[in-house]
Amino acid sequence: MFEIFNTDAESPQDVKSLRDALLRSIKEELQVVEGGEGKHIRGLQLFITCSENEKHVYESAVYSEEPTLFKQEIQRIADDFAIDLPSGWTLEVTFEETLPPEAKKLSEVHAALFIKTRKQTIQKSGIAYIKILSGQAEKEEYEINSVSGKITIGREKRAQTDDGFFRINTIAFPGDCGNDCNKYISRQHAHVEWNNDAGCFMIFADEGGVPPKNKIKIKSVEDDNLIKLNSTHIGHRLKEGDQIILGETAVIEFSTSAQS
């Protein structure tokens, strides 16, 4: 009945076969979440990384000119396979240079899927500290908690963004202090916020903190791996002792105990 779910299909060569492969992979990932039930799914984020020569094919496959059409295709498949997506679920499709590590790589295609879920949980709480190891901020250490909201990080306390509006940075690195580390920090570099579902703080890159602009790199003391944030959509779960490089040489450290 559904030719697009033929597992023997070859790698997509044209718009139709590429769209079929994308839909097949998304269907398989949806069936895994919540044991095949989608009632906790809040939205889908599809990340595509492909060459410039392939980009127009991918854009056509996901109906870039009419994005609601691809969402409708996913909804039809969900209905046919009894995947109970709630009303109001969202779909975001973005083209990235690299696939975010937290997203699930899809087979056959140059894409990955991140499924945002919504579960009923009790309100959790947490307190943490961000210490400035390199660079010069307004304070040497900042206390944050689960009700702090979005804790913005960037150059200057009050910074005008590209759209003309002003952003107030909670953790601000003055640009005129003479510290060379500060000049590589974007005005809207990153933010930290509490994730109640996971019971942790997470750091996200903002527009100025992803390539080709400035960068964010995270080194964890647990496994010594270097993590790079290449997307503003998916954050990194902060763990005790994580060190975060902002730009080139400014370094901050995350801890659940005060250092001062």
Open item on the list: What is the angle, in °, between the Cα long axis of helix 67-80 and the longest principal axis of the Cα atoms in the chain? Nearest 10 is fine, range 0 to 90.
Closed with: 60
Open item on the list: Taking θ = phi - 60°, what integer Hz values does the Karplus form 6.51 cos²θ - 1.76 cosθ + 1.60 yield along the range 124-133, in sequence order, with x for Gly and Pro?
Closed with: 9, 9, x, 10, 8, 9, 10, 10, 8, 9
Task: Choice from S134, S186, S231 with maximal GNM fluctuation in the chain (Cα, 10 Å cutoff) - done: S134
Open item on the list: Quick check on my link table: of K116/K239; K116/K215; K16/K116; K116/K183; K183/K239, which ones sit more than 30 Å apart, alpha carbon to alpha carbon?
Closed with: K116/K183
Task: Net charge of neighbours whose Cβ lies under 11 Å from the Cβ of E29, counting Lys and Arg as +1 and Asp and Glu as -1 - done: +3
Open item on the list: Net charge around Y129, counting only other residues with Cβ within less than 13 Å of its Cβ (Lys, Arg = +1; Asp, Glu = -1)?
Closed with: -4
Open item on the list: Give me the dipole magnitude in Debye, nearest 20, for the chain about the Cα centre, with unit charges on the beta carbon: positive for Lys and Arg, negative for Asp and Glu.
Closed with: 840
Task: Within straight-line cross-link reach of K27, aspartates and glutamates at Cα separation under 15 Å, skipping those fewer than 8 residues along the same chain - done: E3, E37, E73, D79, D80, D84, E108
TODO: Can you tell me the dipole magnitude for the range 127-255 around its Cα centre, using point charges on the Cβ only (Lys, Arg +1; Asp, Glu -1), in Debye to the nearest 20?
DONE: 300
Open item on the list: How many angstrom lie between the Cα centre of the range 90-115 and the Cα centre of the range 148-173?
Closed with: 29
Open item on the list: For F201, what residues show an amide H to amide H distance below 5 Å, using hydrogens built from the backbone and excluding near sequence neighbours?
Closed with: N195, L238
Open item on the list: Report the Rg/Rh value for the range 127-255, based on alpha-carbon coordinates and the Kirkwood definition of Rh.
Closed with: 0.93
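Values in this text are rule-based calculations from the coordinates and carry no lab data. Bear in mind the structure is a predicted one, so any value in this text is a computation, not a measurement. Ideal geometry is used to build each Cβ from the backbone, glycine not excepted, and the neighbour counts take in all protein chains shown.
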